[in-house]
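> Sending over a structure as structure tokens; questions will come in a sec.
The values are calculated or read from the model by the stated rules, or taken from the named source; none is laboratory data. Note that the structure is predicted; figures quoted are calculated from it, not measured. We place every Cβ from the backbone using ideal geometry, glycine too, and count neighbours over all the protein chains shown.
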Amino acid sequence: MLAAAPGDPPRGGLRPRRRLLWGALLLLVLALLGVLAYLAAEYEEVRDQSALEADAEALASDLRSALVRNVQTLQSLYSIAASPGAWSAPAGEVLAEHREIVRLEWRDNSRALIAHRDTPYLADLFSYLDRSQALPDMRQACDNAQRSSGPSYSPSYFWPMNGGLGLELMDMCLPVVRNGKPAGFLVATYSLPGLLAELGNKNLLRGRGLAFIDTDGTRLALYSSVSGSRRTQVARALLDLPGHTILLRLESPRLGTGAAFGLLPNVLTAVVGALSLALLAVLGLLGRDMRLRQRAEHELGDALAFRKAMENSLVTGLRARDMSGRITYVNPAFCQMVGLPPEQLIGTGLPAPWWPPELVDEYQQRQAVRLAGQTLPREGYESVFQRSDGTRFPVLIIEAPLIDAQGTQTGFMSAILDLSEQRRIEDLNRASQERLQATARLATVGEMASLLSHELNQPLAAIASYASGTLNLLDEPPGASGPALPSGELRQAIQRIGEQAERAGRVIKSVADFVRRREQVREAVAPASLIDAILPLLGLQAKKQGIRVQTQIAPGCPPVLCDRTMVEQVLLNLARNGVQAMPASDPPAASGLRVLTLAVSRTRLHASDDDTPATPPRKVWVEFAVTDHGHGLSEAVRQQLFTPFFTTKAEGMGLGLSLCRTVIEQHGGALTYEPALPRGTVFRFTLPGA
Ligand code: ADP
């Protein structure tokens, strides 16, 4: 619960730790990727190396078997060419067919030359240096061949040629046997580059370098080399020939780690690289996601803090209940209202701790209604709560269902307004209104004091004259003018005195009745009796100004529910205003308009009623209309008509109309005005029928 939630953990400490963890994760992943890529490249290299070595072996064995086939071809030469003369032609054919052989010689047993033939492809091979320069190597090979009765190869030697060029050559000596006897030797001179070019398997050599090398690494003959300065993989294979062994070197551009910065190293490394990139991308996305999340958390925290601050600043009490009536949340304003800490409120069920014991039954019923799923009035309802110290206070409760994110109702949220202060102000208002009314009444009386004295003068003068007449009668000596004291006249005079005294008493009583302040009571009063009550007072002024007061009470008018004194005051005010609007000779007596009409009728509607003609009226209303034919209301007067203390009269207070309106509105009615015909003003007000 928010009100009881412990403080949030400090966010500052978490951030460096989270960064550290992220950094460590990134480092580990990078290290892992590095090792993976290295191992993949390493594996590739080893695999490539062994493939290259196998290819080198295959090339060596190809060369070996080609040389063996050549030996057989050369041996067959003697079966078709018996004499040196006949030998030359087939020897030429062999040379034309085998570009790797540059010279064929037939030597006798003492190694002397019988016949020879040079390759047609290299015309000037022996023009720079004489063949005899190579004899020691050839002799050694022939010695070996004689010993082993098989072909024997000499070590290779460099044979310079014209123009600074040269070739690496190697002699092969084959003993010739005819009819079971040695018949000399056949010496074939091989060109090492020719051997590589003619006998090597071309398929294995694409993009690779192939060369014969010496044991010390010197390159003897080259068929092809790897272009560029890229690192290469090298495999060596031994081409062991009878009498001599040569090293074959096969090199291939390295595709492993050496080409890591090339476009596509090889499949495995590429896959590992792609996976690493994907992993890094995922890591990046995760980081981004984390950042977004962090930001959202931040914003949520801010929003929460904002909400909390808002709730704490509220003077309205907030309270949430679950569906079983248990309190799940209260805000500080509510705690303050009922005088209990949140810990004592949250989790409590029914009856609630703030229910006054005498009202528990009523409140339980209300809860039952609420839990039965009936909607409570949106405008709220008034209730009474009890503070922890036992004092009661009025509240206004506005309830709404609590709906969770899934749209299901989980309880009720109530806003509670403490009405104590409002009630106090209302009471104060009412008291001051009443005081104002009383003051206005007294002021009216004050204004009318002169009229009163005038009115009282008449009965008092009559009483005085009747009294002196009576005294005169009593003073007359008996029998002086005939019969004894006339008891009939005396009685009449005294009766008149009594009547006049009564009349004076009524005038005084009407004023006393009007002035006396009474408690506000609503009672059913007949409209006629309201008018009758003000007529004597109104008559005083009207008569003086020559105005006729006329009353019209529609038949069947129901009594009105009102505070009698107040409404009398309203009527008197409006009527007096009407009389005052018709000073002497305006309107002139001849016009017949010096009339003030007090009319009462029954009406169905009044200004603030929400009934429409389509629906039957809920209440009966009675309308009072006070019509004068005076000077009417100017625009300027209309603007301020109901403003307190606005008056156009020298002796006026300007309170009359504003008080009238307050009184009528307190009764639920409305006060309106409009021009009268042919001149003057009509003031109308409505009161509820009893
Ligand atoms: P007061 O009567 O003390 O002046 P009211 O509030 O009753 O205070 O009236 C305010 C003003 O409204 C009056 O001064 C007058 O100018 C005007 N007034 C009220 N009733 C009428 C009326 N029937 N005809 C013309 N003017 C009126």
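> Tell me, yes or no, whether the stretch 345-353 has at least one residue that is under 32 Å from the mean Cα position of the chain (by Cα), under 24 Å from K308 (Cα atoms) and either surrounded by 15 or more Cβ atoms within 10 Å (Cβ to Cβ) or modelled with pLDDT under 85 (or both).
In the first step, residues of the stretch 345-353 are kept if they are under 32 Å from the mean Cα position of the chain (by Cα); the result is 346-347.
Next, only the ones that are under 24 Å from K308 (Cα atoms) stay: 346-347.
Applying the additional criterion that residues be either surrounded by 15 or more Cβ atoms within 10 Å (Cβ to Cβ) or modelled with pLDDT under 85 (or both) yields 346.
Among the residues of the stretch 345-353, at least one is under 32 Å from the mean Cα position of the chain (by Cα), under 24 Å from K308 (Cα atoms) and either surrounded by 15 or more Cβ atoms within 10 Å (Cβ to Cβ) or modelled with pLDDT under 85 (or both), which makes the answer yes.
> Something else about it: Can you pull out every residue in the stretch 636-656 that is within 7 Å of the ligand (Cβ to nearest atom) and under 55 Å from the mean Cα position of the chain (by Cα)?
Going residue by residue through the stretch 636-656, those that are within 7 Å of the ligand (Cβ to nearest atom) are 637, 641, 646-649, 652-656.
Within the stretch 636-656, just L641 meets the criteria.
> Would you check which residues across the stretch 215-234 are touching a residue at least 40 places away in the same chain (Cβ under 8 Å) and farther than 21 Å from A51 by Cβ and list them?
Hits for the stretch 215-234 are L220, A221.
> Examine the stretch 540-549 for a residue that is under 60 Å from the mean Cα position of the chain (by Cα), more than 16 Å from the ligand (Cβ to nearest atom) and either part of a helix (DSSP H, G or I) or within 21 Å of T662 (Cα to Cα) (or both), and state whether such a residue exists. Spell out how you get there, then give the answer.
Going through the stretch 540-549, the residues under 60 Å from the mean Cα position of the chain (by Cα) turn out to be none.
Scanning the stretch 540-549 turns up no residue that is under 60 Å from the mean Cα position of the chain (by Cα), more than 16 Å from the ligand (Cβ to nearest atom) and either part of a helix (DSSP H, G or I) or within 21 Å of T662 (Cα to Cα) (or both).
> Another question, if that's okay. How many residues are touching a residue at least 40 places away in the same chain (Cβ under 8 Å), touching a strand residue (DSSP E or B) at 6+ places or on another chain (Cβ under 8 Å), assigned to a helix (DSSP H, G or I) and within 10 Å of the ligand (Cβ to nearest atom) when one looks only at the stretch 658-690?
1
> Another question, if that's okay. Restricting attention to the stretch 81-104, which residues are farther than 18 Å from L195 by Cβ and of a type outside the set (G, A, S)?
Within the stretch 81-104, P84, W87, P90, E93 qualify.
> Just give me the residues in the stretch 389-427 being closer than 28 Å to E358 by Cβ and outside any strand (DSSP E or B), in sequence order.
Within the stretch 389-427, D389, G390, T391, L419, S420, E421, Q422, R423, R424, I425, E426, D427 qualify.
> Does D404 satisfy the criteria of being charged (D, E, K, R), within 21 Å of R326 (Cβ to Cβ) and without any contact (Cβ under 8 Å) to a residue 12 or more places away in the chain?
Considered against the rule, which asks whether it is charged (D, E, K, R), within 21 Å of R326 (Cβ to Cβ) and without any contact (Cβ under 8 Å) to a residue 12 or more places away in the chain, D404 comes out as yes.
> Any idea how many residues of the stretch 626-657 are surrounded by 19 or more Cβ atoms within 10 Å (Cβ to Cβ) and without any contact (Cβ under 8 Å) to a residue 60 or more places away in the chain?
Qualifying residue count for the region: 5.
> Suppose we filter L428, L474, L456, L451 for residues that are of a type in the set (A, V, I, L, M), farther than 30 Å from K543 by Cβ and either at pLDDT below 85 or in contact with a helix residue (DSSP H, G or I) (Cβ under 9 Å, 6 or more places away or on another chain) (or both); which single one remains?
Values: L428 fails: either at pLDDT below 85 or in contact with a helix residue (DSSP H, G or I) (Cβ under 9 Å, 6 or more places away or on another chain) (or both); L456 fails: farther than 30 Å from K543 by Cβ; L451 fails: farther than 30 Å from K543 by Cβ.
The unique qualifying residue is L474.
> From (1) of a type in the set (D, E); (2) away from the ligand (no atom under 16 Å from the Cβ); (3) modelled with pLDDT under 90, pick out the condition that doesn't hold for E623.
Result: E623 passes all but (3).
> Which of the following residues is of a type outside the set (V, I, T), within 10 Å of the ligand (Cβ to nearest atom) and part of a strand (DSSP E or B): L596, L561?
On the way: L561 fails: within 10 Å of the ligand (Cβ to nearest atom).
Only one candidate passes the filter, namely L596.
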